[in-house]
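The values are calculated or read from the model by the stated rules, or taken from the named source; none is laboratory data. Worth saying up front: this structure is predicted, and the values here are computed from it rather than measured. All Cβ positions, even for glycine, are placed from backbone atoms using ideal geometry, and neighbour counts span all protein chains on display.
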Amino acid sequence: MVKYIGSKRALLPWITGAIGVIHRQEPVRTVADLFSGTARVGHALKKQGFYVVSNDLMHYAHVLAQALVEADAREYGPERLEPVLRRLNALPPRAGWFTRAYCEQSRYFQPHNGARIEAIREGLEAEAQGDPLLRAVLLTSLMLAADRVDSTTGIQMAYLKQWAKRSYNDLRLEYPPLLPGLGRALRGDALEVAKGLEADLFYLDPPYNQHSYLGNYHVWETLTLWDRPQTYGVAHKRVDVQERKSAFNLRREAGEALQRLLGSIRARHLVVSFNDEGFFGAEAIEAMLRGWGYVHRLTRPHTRYVGARIGIYNPRGQKVGKVSHTENHEFLFVATHSRKVHEAVARSAGAAAG
């Protein structure tokens, strides 16, 4: 999966374990993930046999969910994909607008890889032959390949002053980690999508502060849309970063938005991820969830992303800020209408703590 601030890679066993406890008490068949991001959680849940509906507002996140949640590896297996990937890998480099913007005027990738990204991105549309899931699988392979040779600390608000060692490697497409089975990928505002969804369990991992995922991962959005956007600033962000705002990134609106979302969800169980760097404290979230009946809060420490640990630097490479802390606390709230489930979650948390 691509590097991602707020990624649940290290927390996956914790999240899937909590959902597993619920499932053992009351069988869960369908899980809705309304803020899917890189689809890491949805992918893990699909692997465990759940039918997953993933949703996100970002185009790149929708593409990742199409490949990692919706696409069936039995239909898009290596025997079908490998010849396509070989043809795309063999395309001659093609330096153009992407290479100028993201490799020369900024430094997210070395120019030799930028030219390969451009050639592959242009070529994969013809290879997809109008199949949206095949297109998503190829785009996902390209994003994963680009992520392996980037020169950032994991977010695209900035890039490293000196080229990262991995950026010298040659970009190469590989078969992405597709899974057999069915799922569904949606792209929309969670507040609207939730109104039309029913599932046994909803998993929520909403934005928790003012930093938008579009601003943090604007290069992936551009790579997906391939729309030659107007950009601004040293980071060459898309100008629509300034316009496409989520209520969840606005302190004055985030509380009302979360309450509206919780009020529109139809399910027996709800699992919510949040941390102590967000707009709300744990007690405030628990208060919002009390309408669900039983609420249990799980907490564990988590290392912050590498950019937060090395400090803040200006474009000249001068350190301009101090590292405030290197660790935060992640919260997992399990809300349920079932007392049996609530007690099982509490027992499981107690056993883990002991």
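List of remarks:
- Residues that are in contact with a Phe, Trp or Tyr (Cβ under 9 Å, 6 or more places away or on another chain), surrounded by fewer than 22 Cβ atoms within 10 Å (Cβ to Cβ) and of a type in the set (A, V, I, L, M) do occur in segment 130-148.
- In segment 217-257, the residue that is surrounded by the fewest Cβ atoms within 10 Å (Cβ to Cβ) out of those that are within 20 Å of LYS3 (Cα to Cα) and either of a type in the set (S, T, N, Q) or touching a Gly at 6+ places or on another chain (Cβ under 7 Å) (or both) is VAL241.
- The C-beta contact set for segment 78-93 (first residue within 17 Å of ALA136 (Cα to Cα), second residue of a type in the set (Phe, Trp, Tyr), distance under 6 angstrom, 6+ apart or interchain) comprises PRO78/TYR175; LEU81/TYR175.
- Qualifying residue in segment 120-127 (condition: more than 23 Å from SER54 (Cα to Cα) and of a type in the set (Val, Ile, Thr)): yes
- Among helices (runs of 4 or more DSSP H) entirely within segment 273-354, having at least 1 residues that are at pLDDT 90 or above and of a type in the set (Asp, Glu) singles out 282-289, 339-353.
- GLN162 meets all of the listed conditions (1) in contact (Cβ under 8 Å) with a residue 12 or more places away in the chain; (2) in a loop (DSSP other than H, G, I, E, B) but one, namely (1).
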